[in-house]
Each structure stands twice: as structure tokens, then as C-alpha cells.
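Bear in mind these aren't lab numbers, they're just calculated from the coordinates by the rules spelled out. Worth saying up front: this structure is predicted, and the values here are computed from it rather than measured. Positions of Cβ are backbone-derived with ideal geometry, glycine not excepted, and every protein chain shown enters the neighbour counts.
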């Protein structure tokens, strides 16, 4: 690395790279001091990184561990909410916004203890899919059978499947 040559000019210093054809750039004295310290600090940091790598240190490996832990915790939290979400979405909630509103009305706290928002509800829905869609369909069918009777529900479902295309 080429160290700049410093020449005092009043309260300014002129920095010109040794052996470069670029004109000298004026630097205030305090910036010149910081630049020299930054170069020293930079070199010390690079040396420390080189030594750590030679000793087998892997940078950023703990982030992957934390990411897995957070993902697992979020999945476990979502699974605890599955019965309630299935119930709400089978009855009246048809999306993330209405689910968030219903959860807030019931006083259900989000994973970090706050209110539900459409985005947080959507993330929980996404975590539970595709099995969530199957659970909701089964719950809706069950509710429909309770409301109309088993025989009528079977007839209506048969009509739905055999509906002529128009």
C-alpha cells in the first residue's frame, strides 16, 4: 500500500500519493489525522481477520444457527394457533386482514406480544400451508353438514361436482 506524502500548507495538508501523477489534494489537518488512524486501524483489522481465519474461525456461522432457531420457534407458535385459525377461516375470515382483525378482537397476542397485522397473519397462514387449506376445507364441510344435515350436504356436494359448464 502506498502511503500518501503529506506537505504542510498553512492549516491544510497536501496529500499526494508517492509515485502518482495525480495532483495533491488538500486535507484539513484533523481529517489527515483521522485518515492516518483509519489506515492503521484497517491494517490491524485485516491482520486480525487473517490470523483468525488461519486458526479456523468461520465467519457468520452463528447467524445460520439463530435463523434455524427462529424459524423453528415461529413454526411452533403457528402450530399452536392452527385450531383457532382453522375455526376463524372456516367461519368468517377469508384473508389475512380479516384474520388479523378477528385475532385482535379475541385478544390473541402475536408471537412478540403485540397486535396482529395483515402481514403477520399472512406469515402465519403461509407457515401452515398447504395443510391449512385442507383443514379449512374439512372444517367448512363439517360445519355445512351440521347446519344442513349429512344427507343434504352430500347432495349439494354432488351437485357442485356435476355442475354443467356454461
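Descriptive notes on the structure:
- Under the Debye formula (equal points on every Cα, no solvent term), log10 I(q)/I(0) of segment 71-161 at q = 0.19 Å⁻¹: -0.85
- If you plug the beta carbon distance of residue 122 and residue 59 into 1/(1 + (r/R0)^6) with R0 = 35 Å, you get a FRET efficiency near 0.55.
- Extension gain (nm, one decimal) between residue 91 and residue 104, 0.36 nm per residue minus Cα-Cα: 3.0 nm
- For segment 114-138, the residues whose backbone nitrogen is under 15 Å from a point 7 Å from the Cα of residue 82, taken along Cα to Cβ, are 124-138.
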